[in-house]
Structures are given as structure tokens and as C-alpha cells.
Amino acid sequence: LKAIAGKKYKLDSSENFDDFMKALGVSFVTRQVGNAVSPVVHLTVDGDQYSLTSASSFKTSVISFKLNEPFDQDTPDGRKVKATIVLEGDNTLVETQEPQGSGKATKIVREFSPNEIKMTLTVDSIVCTRIYKLQE
Ligand code: DKA
């Protein structure tokens, strides 16, 4: 993970994102925007403190976390979840989001490699794949 820290990755392709957002109850208007933007993502690591930023014209969101420690997250579409991120192997972050109150549990896997981030988002039986490519 240290190897990719600081590098910027831009959304290059996306499958099933609209269905993923629909299953979460995201409104039509927000889905239109969500489908249209190509966010730029970067990770920073400072000791055991991680920070993951996703920037787009719609919204810039930053999550700061330590591995294995639950934290409160406001998702870009405005849900409040309790999230936990664990490291699997050397380069895969697995995030679980538990809803606060009503809502659905989701899982977000981010597999980092030097040239891309493969993001797999799951809610119910819906699986969405988003590939981010290294920005030159
Ligand atoms: C991403 O970072 C997708 C994050 C999913 C957020 C939930 C829905 C957002 C609606 C705009 O690539």
C-alpha cells in the first residue's frame, strides 16, 4: 500500500453503479450526477493513520481511519454508517458499512495495484465494479 500512497487515480470504467445506488435508495437526481462524474481518488498513509480522498465536481469526501477500528462515515449520498476497514494481504482494503438506524449493510473492496484501483461494491445481491486508473 505504501507504494501507491499519494498517487492519484481517476475513474475509468464502472459497471452496475446505477443499480448499486438504486438498491441504497439514492434519489434519481443524485444518481444522475453519480453516474456522470469521474472522481479522483488518493490514499495517504502516515504511520497507522490512513486517509482516503475521493474528489469530484459533485462532492469531495475524505475518510480518515485506522485499520480494524470502527469509525463514523457520512457517505457521499448522505447516509450515516459505522464503517470498519481491514487490510487483506498486502494491497486490498475491505470496508464494511453498517447502517445507523434504517438502511442496508454494504461492502466495498478496494484492490490497489501500481496502475489501478479495482473497487467492488456489494449491497444485497448487487455487485458493482469500478476501475480507477493511475493519472499520468
Ligand atoms: C466511489 O467512490 C463510489 C462510492 C459509492 C458511494 C455511494 C453512492 C454515491 C452517490 C453519488 O467510486
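Here are the numbers:
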item	result
Counted residues, segment 99-108 - those being farther than 19 Å from Lys10 by Cβ, surrounded by 14 or more Cβ atoms within 10 Å (Cβ to Cβ) and without any contact (Cβ under 8 Å) to a residue 60 or more places away in the chain	1
Matching entry among Leu121, Leu87 (being surrounded by fewer than 16 Cβ atoms within 10 Å (Cβ to Cβ) and part of a strand (DSSP E or B))	Leu87
Enumeration of residues in segment 16-60 that are open to solvent by 50 Å² or more (accessible area, probe 1.4 Å), away from the ligand (no atom under 12 Å from the Cβ) and either closer than 20 Å to Arg79 by Cβ or part of a strand (DSSP E or B) (or both)	Thr44, Asp46, Gln49
Criterion violated by Val62 - all others in (1) free of Cβ contacts under 8 Å to residues at least 24 places away in the same chain; (2) closer than 17 Å to Leu121 by Cα satisfied	(2)
Residue pairs meeting the criteria (Cβ under 6 Å; at least 6 apart or on separate chains; first touching a residue at least 40 places away in the same chain (Cβ under 8 Å), in segment 10-22; second of a type in the set (D, E, K, R) and in a strand (DSSP E or B))	Asp12/Lys133; Ser14/Arg130
Residue within segment 117-127 that is in contact (Cβ under 8 Å) with a residue 40 or more places away in the chain and under 16 Å from Ile4 (Cβ atoms) present	yes
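The values are calculated or read from the model by the stated rules, or taken from the named source; none is laboratory data. Owing to the predicted nature of the structure, the values given are computational and were not obtained by experimental measurement. With ideal geometry, Cβ positions are generated from the backbone for all residues, glycine too; neighbour counts draw on all protein chains shown. All accessible areas refer to the heavy atoms of the entire protein, side chains included, with ligands and DNA or RNA removed. Shrake-Rupley method; radii C 1.70, N 1.55, O 1.52, S 1.80 Å.
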